[in-house]
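The values are calculated or read from the model by the stated rules, or taken from the named source; none is laboratory data. Nothing here was measured: the structure is a model prediction, and the numbers come from that model. Every residue, glycine among them, receives a Cβ derived from its backbone with ideal geometry; neighbour counts consider all protein chains shown.
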Amino acid sequence: MTAVSVRHGVVAYGGRSVLRDVSMQVESGQVVAILGANGSGKSTLVRTILGLVPLAGGEIDLFGTPQRRFRHWARIGYVPQRLGAGSGVPATVGEVVASGRLARRGIFRFPGAEDRAAVRAALEDVGLLDRVNDPVTTLSGGQQQRTLIARALAGRPDLLVLDEPTAGVDAASQEAFAGVLTRFAQRGGTILLVAHELGPLEPLIGKAVVVHDGRIAYEGKVPEPAGHHAGPGHDHLHPHAEPERPVICVAPTDRMPASQQ
């Protein structure tokens, strides 16, 4: 089955086109990376797929269902770029991860044994079980990102969508992310991730989609670095740009369940 299908997608902000005639597919079990310079539209593309940004034209299907009629959001786990430590939410690691069960359990049911087991398994997978009772504000940036991955995994999704999971975190955390995603893929999971640089995630990627100026510029195997980009220690696969470091709020929206924000 095709997990994600975008056909001739168009997105505009204030009359300015951000995505132009974008078409792409993610097959079930596939690991796909959306690459491109900052401002190219790659993050807008995944947020549009998730229904967080409206389409101005074109169509999107999720698991064979038109996005506007899709209701099985528990099948999709979303990992935003950053869990803002200054967001003012006095939550523990365990509480954040447990919120990933809401789409499965519903907001009016108390957590049961299955929910607790899923939270524990997700924390073990990302190596944070020993921090379950610690406030998220005490974690490093890499640990906070691992908490967001655990939250998504706790929902037992079929599709994991990640927006620059390795941005601004240390090499050890990047290696940890690669291990978590590899195990998820080995269990049959589908992965769609946005990246500025792939780093240790590169061996996992089955298909790359390069976005440039709001259009799909390339689709296929991960492109080889060229010129000075191929030098030692240089991982860039696309033009340089100033790094973006947005803080993503974890508050729910109208389109996706709270566990997916």
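Just a few scattered comments:
- Failed condition for Ala176, given (1) in a helix (DSSP H, G or I); (2) within 18 Å of Val4 (Cα to Cα); (3) small (Gly, Ala, Ser): (2)
- Given (1) in contact with a His (Cβ under 8 Å, 6 or more places away or on another chain); (2) at pLDDT 95 or above, number of the condition Ala185 does not satisfy: (1)
- For region 19-55, a residue qualifies if it is free of Cβ contacts under 8 Å to residues at least 60 places away in the same chain and in a strand (DSSP E or B), and exactly one does: Gln25.
- Each residue in region 147-156 was checked for being over 12 Å from the mean Cα position of the chain (by Cα) and of a type outside the set (Gly, Ala, Ser), and 2 pass.
- Where Asp170 falls short, out of the listed (1) over 19 Å from Ala74 (Cα atoms); (2) at pLDDT 95 or above; (3) among the acidic types (Asp, Glu): (2)
- Qualifying positions in region 121-140 - farther than 21 Å from Ala178 by Cβ and in contact with a helix residue (DSSP H, G or I) (Cβ under 7 Å, 6 or more places away or on another chain): Val132, Asn133, Asp134, Val136
- Listed by first and then second residue, the pairs with beta-carbon distance under 7 Å, at least 6 apart or on different chains, first residue in region 169-191 and touching a residue at least 40 places away in the same chain (Cβ under 8 Å), second assigned to a helix (DSSP H, G or I) and acidic (Asp, Glu), are Val180/Asp125; Arg183/Asp125.
- Candidate set from region 7-30 (those that are on the phi > 0 side of the Ramachandran plot and of a type in the set (Gly, Ala, Ser)); member that is modelled with the lowest pLDDT: Gly15
- Positions within region 111-169 being among the polar types (S, T, N, Q), surrounded by fewer than 23 Cβ atoms within 10 Å (Cβ to Cβ) and not in a helix (DSSP H, G or I), in sequence order: Asn133, Ser140
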